[in-house]
There are 2 protein chains.
Amino acid sequence: MPISASQRRSLAQAPRCQTCSLSSLCLPLALQIEDISQFDAIIRRRAPLKKGEALFHQGERFSSVFAVRSGSLKQVTSEGNGEDQLTNFYLPSELVGLDGIDDECYPGSVVALETTTVCEIPFKHLDALSEQLPELRGQLYRSMSKELRDDRRMMRLLSRKTADQRLATFLTTLSDRFRRRGYSPYSFRLSMARADIGNYLGLAVETVSRILSRLQSQQVVAVSGREVNILDMPRLITLADEETPT
Amino acid sequence: MPISASQRRSLAQAPRCQTCSLSSLCLPLALQIEDISQFDAIIRRRAPLKKGEALFHQGERFSSVFAVRSGSLKQVTSEGNGEDQLTNFYLPSELVGLDGIDDECYPGSVVALETTTVCEIPFKHLDALSEQLPELRGQLYRSMSKELRDDRRMMRLLSRKTADQRLATFLTTLSDRFRRRGYSPYSFRLSMARADIGNYLGLAVETVSRILSRLQSQQVVAVSGREVNILDMPRLITLADEETPT
DNA sequence: CCGCTTTATTGACCCAGCTCAATCCGGCCT
DNA sequence: AGGCCGGATTGAGCTGGGTCAATAAAGCGG
C-alpha cells in the first residue's frame, strides 16, 4: 500500500507519527498501526517556532489543536484590565488549544519558551476521525479530562499552599514530567524565566528567587541560573505536599 | 412513532429530556428531536439527593457523568494530607464528573448542597452514542472545553485577585449563571455556606464575612443570611475585574 | 571583548488577609 | 418555649509574602 505523497514528505524529512519518539505519550497512543497512518494524514507539520514567537494569539479563531513535538510553550491569558495570567506550560507530547473548542476562539496566547516544533491537528478533521476511531476519541476525552484534573490540582496549589510548597510542587511536577519523557528527573533545564514561574504560581519574582535560594542553602536542590539539580528528592516531595505546621 | 416504554415511564412521571426545561442548556442542546430520544434512552434517573448526601465519593470508580436537573452540588478534593479544596459548584444543566474520565476514578467527592436531582449518563453509552451523533460529540467536547476555560479564569482569580475582587467575581458569576437559567440575576439564595465560599475562593471564612458586610455597608449588595440582593450591579462588576489601584 | 539590556538576587519595610477569640444568630429538637 | 449547636459576624493582633529599591549577573549584538 503505497502512500507516495506521505512517503515523499517523509523522505523530504517531514516527520511522521509512526517514527515519532513521542507516539507512546501523544494522542495516537492507543491506535493501531494502520489507524496511525490515518491520523498521521490529517496532521500538518509546522515550521519551528523561535523563542518568544506565538503559536497563536488570544482571541484568534480556533481551528486546530497542537501537539508539542519538541521544545516548550507557555499559555498566557490577558483578560482585559491588568496583569496577564500564565495558565500553563506545555512540554513535548502535550496537547495545546483544547480550551478553545467551546467558543471557537483561543482564550489565551501560546508562546514558545525556546525553539519549539509542534504538529498542527485541524480540529474539524480530528473530530471527524474521532468518529471512526473510538480509541482516538477516547484518548481525546482522556486528554481533556486529565487537563481538568491538573487544573484542579493547580487551584488547590493556588488557594491552599504556601510559597515554599508551591515551588516544591512545581519542581517535583516538572521533574515527573521529564521522567515520563525519558529525561533525567534529577537534572534539567528550566525553559522559563523566573517571572514566568512566579506568574504561574501566583508569586512575586522576588519570592521565587528567595525560595530557590533557600532550597539551595538547605541542600534540597542546586540551582544555577536555569539549570536545576534535585539533590534530595524525598525532602522536596515532602515539602511539596506536607508542611502546614500548626 | 410510538415509543411506548419511554412514554409509559413518562406517564409514571419519570421525566424525559424532551420535556425538560433545561434542554436548551444541557447536553442534548444541539440535537434534533429524533436524536434526543436516543439520548434520553441512555439516561438513568436517580432518586433525589438530600442536602449533604454525596453523589459519589473521591476515588470511586468512574462510570457515569451526571447532569444536574435541580438543586446544586459542590466538588471537594482531599489530596492526602491537610485541607480539602472545594473546586467547583454545579448548578442545573451543568455536567458533573468529566474530570474522572482519564484515570477512571472520580478525583473528588461531589456533595449536594440542598435537595438535588441529577440525570445519570453512563459514560460508556454516552461515548458510543457520541460516535453516531456528531452534534452530541461536539457538545461534549464543548462542555469540557468550557470547563477548562472556566478553570483558567479561576486560576487567575486565585493567583491575582484581591479578596474583594474574588467575592465580587463570585457574586457576578453566580448572578450570570442564574440569569442564563431564567432566574433573577439580582436576587437569589446562596445554597452554600460561608465556609464553602471561603474554601472555593481561597479565603478564610472570616474574610468572606467581613467583605460581605463591607459590600453591604457600601450599598452594593444586601445580604441577609443566604439571601443575596444585588443593588448596584455595575459597581459590582467594576469591583470584580478592575481595581488594582497600584 | 565590551557596553547595554534584560533577568535574577538580596535587603528593608509594609499591609492584606490569616489566626485566635469572643459573641451572636437562627434553626431545630424535645 | 426554651435550650442547644453549628454557622456567621466582629474584633485584635501577627505574619507571609508583596512592593520598592539597589545590585549583580547573564545574554547578546556589534
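The values are calculated or read from the model by the stated rules, or taken from the named source; none is laboratory data. Quick caveat, the model's predicted, so the values are computed rather than measured. Cβ coordinates were reconstructed from backbone atoms using ideal geometry, including for glycine residues, and neighbour counts include every protein chain displayed.
A few remarks follow.
- Pair list, Cβ under 8 Å, 6 or more apart: the range A:204-217 residue within 14 Å of another protein chain (Cβ to nearest Cβ), other residue within 6 Å of DNA strand C (Cβ to nearest atom) and not hydrophobic (A, V, I, L, M, F, W, C): A:Val205/A:Arg194; A:Val208/A:Arg194
- Tallying residues that are surrounded by fewer than 23 Cβ atoms within 10 Å (Cβ to Cβ), within 10 Å of B:Val118 (Cβ to Cβ) and out of contact with any Cys (no Cβ under 9 Å at 6 or more places or on another chain) within the range B:66-95 yields 2.
- For the range B:228-239, the count of residues that are within 30 Å of A:Leu157 (Cβ to Cβ), away from DNA strand C (no atom under 13 Å from the Cβ) and surrounded by fewer than 16 Cβ atoms within 10 Å (Cβ to Cβ) is nonzero.
- Residues located in the range B:145-176, provided they are in contact with a helix residue (DSSP H, G or I) (Cβ under 7 Å, 6 or more places away or on another chain) and among the polar types (S, T, N, Q): B:Ser145, B:Ser159, B:Gln165, B:Thr169, B:Thr172
- Test result for B:Arg149, under 26 Å from A:Leu98 (Cα atoms), away from DNA strand C (no atom under 16 Å from the Cβ), of a type outside the set (S, T, N, Q) and surrounded by 14 or more Cβ atoms within 10 Å (Cβ to Cβ): yes
- Set side by side, the residues B:Leu86, B:Leu98 differ, and just one is more than 18 Å from A:Ser143 (Cα to Cα), modelled with pLDDT of 95 or more and touching a helix residue (DSSP H, G or I) at 6+ places or on another chain (Cβ under 8 Å), which is B:Leu86.
- Top-ranked residue of the range B:56-70 - restricted to ones that are over 19 Å from B:Ala195 (Cβ atoms) and in contact with a Ser or Thr (Cβ under 8 Å, 6 or more places away or on another chain), ranked as farthest from the other protein chains (Cβ to nearest Cβ): B:Ser70
- Qualifying residue in the range A:224-234 (condition: within 16 Å of DNA strand D (Cβ to nearest atom), closer than 27 Å to B:Leu86 by Cα and of a type outside the set (D, E, K, R)): no
- Of note, A:Gln165 does not satisfy the criterion of being part of a helix (DSSP H, G or I), within 13 Å of DNA strand C (Cβ to nearest atom), farther than 30 Å from A:Cys20 by Cβ and not aliphatic (A, V, I, L, M).
- Evaluating A:Arg152 against the criteria (1) in contact with an Asp or Glu (Cβ under 7 Å, 6 or more places away or on another chain); (2) of a type outside the set (Phe, Trp, Tyr); (3) within 13 Å of another protein chain (Cβ to nearest Cβ); (4) more than 14 Å from A:Asn88 (Cα to Cα) leaves one unmet condition, (4).
- Matching option when the condition is assigned to a helix (DSSP H, G or I) and surrounded by 15 or more Cβ atoms within 10 Å (Cβ to Cβ), among A:Leu25, A:Leu29: A:Leu29
- Looking only at the range B:171-221, residues that are assigned to a loop (DSSP other than H, G, I, E, B), away from DNA strand C (no atom under 16 Å from the Cβ) and not basic (Lys, Arg) come to 6 in all.
- Scanning the range B:79-122 for residues that are touching a strand residue (DSSP E or B) at 6+ places or on another chain (Cβ under 7 Å), at the interface with chain A (Cβ under 10 Å from one of its Cβ atoms) and among the small types (Gly, Ala, Ser) turns up B:Gly97, B:Gly108.
- Filter pass, A:Ser159 being of a type in the set (Gly, Ala, Ser), within 10 Å of chain B (Cβ to nearest Cβ) and out of contact with any Pro (no Cβ under 9 Å at 6 or more places or on another chain): yes
- Residue that is farthest from DNA strand D (Cβ to nearest atom) [pool: residues in the range A:235-246 that are free of Cβ contacts under 8 Å to residues at least 40 places away in the same chain and charged (D, E, K, R)]: A:Arg235
- Unmet requirement for A:Gln75, which otherwise passes all of (1) in contact (Cβ under 8 Å) with a residue 40 or more places away in the chain; (2) within 14 Å of another protein chain (Cβ to nearest Cβ); (3) under 10 Å from A:Val111 (Cβ atoms): (1)
- Test: B:Ser187 is crowded, with 20+ Cβ neighbours inside 10 Å, touching a strand residue (DSSP E or B) at 6+ places or on another chain (Cβ under 9 Å) and either more than 23 Å from B:Leu86 (Cβ to Cβ) or among the small types (Gly, Ala, Ser) (or both): no
- Qualifying residue in the range B:27-50 (condition: among the hydrophobic types (A, V, I, L, M, F, W, C), in contact with a strand residue (DSSP E or B) (Cβ under 9 Å, 6 or more places away or on another chain) and within 14 Å of another protein chain (Cβ to nearest Cβ)): yes
- Qualifying residues in the range B:133-146 (those that are surrounded by fewer than 18 Cβ atoms within 10 Å (Cβ to Cβ) and touching a residue at least 40 places away in the same chain (Cβ under 8 Å)) - the one farthest from B:Asp40 (Cα to Cα): B:Gly138
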